[in-house]
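Here the structure comes first, spelled out in structure tokens, and everything after it is commentary.
The values are calculated or read from the model by the stated rules, or taken from the named source; none is laboratory data. A quick note: this is a predicted structure, and the numbers were derived from the prediction, not measured. All Cβ positions, glycine included, derive from the backbone under ideal geometry; neighbour counts span all protein chains shown.
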């Protein structure tokens, strides 16, 4: 592990212990996919109770809440706010990318961990942010690239952001994880193996470096840079022993 990862591991342990000793909820900032894998390895095996949430289903960056209603006696919501950033004059606005919005927000001098996923829809962006920083973004973010924008806080998730899932059937030679990843994303065996070596494949939120892992029904597989899917079931078999499997794609 790097020094940064060791520090995160220590911090996560401390938050879990403080929650247990004080019977109180404690929250992290927004964790990356790799950070979440460290969380699972550090706290999951020790029985520490925590919940993950990023503001809506299928977010990549998520906040961890240590503690639960059963042991603490009450419920506390995640301090996450959704902000919409939109141009003041849309027809004269630039075509923005995720990087444009992230860069404009980071230029305000705030920490990356205070901001979760940024979802770009047309010329608007929907940003999940920590409640304590949301007002600062609302009051200070007035320009993205050369375009003047306004920021508003939303009370609910817009319909266009709701997660959609699409069922697909693919043909593979086995239930090995590398075979399924290669089959779904049309990669060569060497390209798929490189993803494992670079720790870009996750099963159930945990980094999976075992490319020969046998996938089970219900496994949620994320491949950074490619997408996310759930393995549903074996749908059939060919005469030559190849397997039709059903997956559910997150689109």
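If only one of 102, 108 is in contact with a helix residue (DSSP H, G or I) (Cβ under 9 Å, 6 or more places away or on another chain), modelled with pLDDT of 95 or more and part of a loop (DSSP other than H, G, I, E, B), which one is it?
Details: 102 fails: part of a loop (DSSP other than H, G, I, E, B).
Sole residue among the options that is in contact with a helix residue (DSSP H, G or I) (Cβ under 9 Å, 6 or more places away or on another chain), modelled with pLDDT of 95 or more and part of a loop (DSSP other than H, G, I, E, B): 108.
Take the residues of the range 150-164 that are at pLDDT 85 or above and outside any loop (DSSP other than H, G, I, E, B): which is farthest from the chain's Cα centre (by Cα)?
This residue is 150.
Could you please let me know if residue 92 is exposed (fewer than 12 other Cβ atoms within 10 Å of the Cβ), out of contact with any helix residue (DSSP H, G or I) (no Cβ under 9 Å at 6 or more places or on another chain) and either closer than 18 Å to residue 60 by Cβ or not assigned by TED's automatic domain parsing to the domain that holds residue 36 (or both)? Break it down into steps so the answer makes sense when it comes.
On the way: exposed (fewer than 12 other Cβ atoms within 10 Å of the Cβ): yes; out of contact with any helix residue (DSSP H, G or I) (no Cβ under 9 Å at 6 or more places or on another chain): yes; either closer than 18 Å to residue 60 by Cβ or not assigned by TED's automatic domain parsing to the domain that holds residue 36 (or both): yes.
Against the criterion (exposed (fewer than 12 other Cβ atoms within 10 Å of the Cβ), out of contact with any helix residue (DSSP H, G or I) (no Cβ under 9 Å at 6 or more places or on another chain) and either closer than 18 Å to residue 60 by Cβ or not assigned by TED's automatic domain parsing to the domain that holds residue 36 (or both)), residue 92 qualifies.
Considering only the range 112-138, state which residues are touching a strand residue (DSSP E or B) at 6+ places or on another chain (Cβ under 7 Å) and not in a strand (DSSP E or B). First the steps, then the outcome.
Residues of the range 112-138 that are touching a strand residue (DSSP E or B) at 6+ places or on another chain (Cβ under 7 Å), as a first pass: 113-119, 123-131, 134, 137-138.
Within the range 112-138, 113, 114, 123, 131, 134, 137, 138 qualify.
I need the full set of residues from the range 19-31 which are modelled with pLDDT under 95 and either surrounded by 15 or more Cβ atoms within 10 Å (Cβ to Cβ) or in contact with a strand residue (DSSP E or B) (Cβ under 6 Å, 6 or more places away or on another chain) (or both), in order please.
Answer for the range 19-31, where residues must be modelled with pLDDT under 95 and either surrounded by 15 or more Cβ atoms within 10 Å (Cβ to Cβ) or in contact with a strand residue (DSSP E or B) (Cβ under 6 Å, 6 or more places away or on another chain) (or both): 19, 20.
How many residues does the range 208-229 contain that are touching a residue at least 40 places away in the same chain (Cβ under 8 Å) and either in contact with a strand residue (DSSP E or B) (Cβ under 6 Å, 6 or more places away or on another chain) or at positive phi (or both)?
Qualifying residue count for the region: 7.
Output yes when any residue across the range 171-179 is touching a strand residue (DSSP E or B) at 6+ places or on another chain (Cβ under 8 Å) and under 27 Å from residue 61 (Cβ atoms), and no when none is.
Checking the range 171-179: at least one residue is touching a strand residue (DSSP E or B) at 6+ places or on another chain (Cβ under 8 Å) and under 27 Å from residue 61 (Cβ atoms).
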